[in-house]
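Single-structure report; data block below.
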Amino acid sequence: MKKAVIFDLDGTLMNTLFDLYNAVNRALAAFGMPLVTLEKVRFSVGNGVGKLVERCLPADRSGDYDAVLARFNAEYAQCKEDHTLPFDGVTETLTALKNAGVKIAVVSNKTESAVKELCAEKFSGLTDIEVGDDGVRPLKPDPAPVLYALSSLNIGADEAVYVGDQEVDIVTARNAGIAFVGAGWGFRGEKLLKAAGAQTVISDIRQLLPIVLQ
């Protein structure tokens, strides 16, 4: 039995895509820039909001990056809970893990305040630590945020499993020396996760329980 599960947030525990899409496009529109598609946002998330904005900027408007990022942060702060919900089975699975004595950490490249606010709102009492971009620690795929969460819980990498939905999560788990389980229901999907090297990919979060509790 594993002692802890480290979860990614966007695309793993919560479907945040539409609120991110709205915030990006509101920021772009404020500066007269072309809007982006939902699919563009889907494949631009995962490496922090800075990279999301950078990837959505027109090539000839890179000089506006700082202003657009600031506007995105302001817009997202206002809309981040408009459409965001846990994926099917997530709350049930977190509750089962918690009841079994398993520690639950959320490690995201999202701004740390947003991570904590969303977890408090959607998963009150179910998470033991929430780690995001605090402006100091390097972001995933650097192992620092995962190792920080494990250290805070006093749990070794060999006693935990990391669950994520993107290529960056696979690399993060490898860098941290922790077993990885792919969230096939997330933003990238089973096929892309397997193509990126994930050995274990599940299609429903409830399938995680026997992996963790056996």
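The values are calculated or read from the model by the stated rules, or taken from the named source; none is laboratory data. As the structure is a computational prediction, the values presented were derived from the model and not from experiment. For neighbour counting, all protein chains shown are included, and Cβ atoms are generated from backbone atoms with ideal geometry for every residue, glycine included. Just so you know, the surface numbers come from the protein's heavy atoms only, side chains and all, with ligands and any DNA or RNA stripped out. Shrake-Rupley method; radii C 1.70, N 1.55, O 1.52, S 1.80 Å.
Side notes on the structure shown:
- Of all residues in segment 5-26, exactly one satisfies the criterion of being of a type in the set (Gly, Ala, Ser) and either over 12 Å from the mean Cα position of the chain (by Cα) or open to solvent by 10 Å² or more (accessible area, probe 1.4 Å) (or both), namely ALA23.
- Filter result (over 23 Å from LEU85 (Cβ atoms) and in contact (Cβ under 8 Å) with a residue 24 or more places away in the chain) within segment 120-139: LEU139
- In the condition set (1) open to solvent by 10 Å² or more (accessible area, probe 1.4 Å); (2) under 30 Å from LEU213 (Cα atoms); (3) of a type in the set (A, V, I, L, M, F, W, C); (4) part of a helix (DSSP H, G or I), ALA29 is compliant with all but (2).
- Qualifying residue in segment 112-119 (condition: open to solvent by 50 Å² or more (accessible area, probe 1.4 Å), within 14 Å of the chain's Cα centre (by Cα) and over 14 Å from MET14 (Cα atoms)): yes
- Segment 45-66 residues that are under 22 Å from PRO138 (Cα atoms), paired with ones that are of a type in the set (Phe, Trp, Tyr) and part of a helix (DSSP H, G or I) (beta carbon under 6 Å, 6 or more apart): VAL53/PHE72
- Check on VAL131, open to solvent by less than 10 Å² (accessible area, probe 1.4 Å) and under 29 Å from ALA195 (Cβ atoms): yes
Table: residues versus (1) within 17 Å of the chain's Cα centre (by Cα); (2) hydroxyl-bearing (Ser, Thr, Tyr); (3) open to solvent by less than 10 Å² (accessible area, probe 1.4 Å); (4) within 22 Å of ASP133 (Cβ to Cβ).
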position	(1), (2), (3), (4)
VAL41	yes, no, yes, yes
LYS51	yes, no, no, yes
GLU54	no, no, no, yes
PRO58	no, no, no, no
TYR65	no, yes, no, yes
ALA74	no, no, no, yes
LEU85	yes, no, no, no
GLU92	no, no, no, no
THR95	no, yes, no, no
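- Residues in segment 48-99 that are of a type in the set (A, V, I, L, M) and within 28 Å of LEU126 (Cβ to Cβ): VAL49, LEU52, ALA77, LEU85, VAL90, LEU94, ALA96, LEU97.
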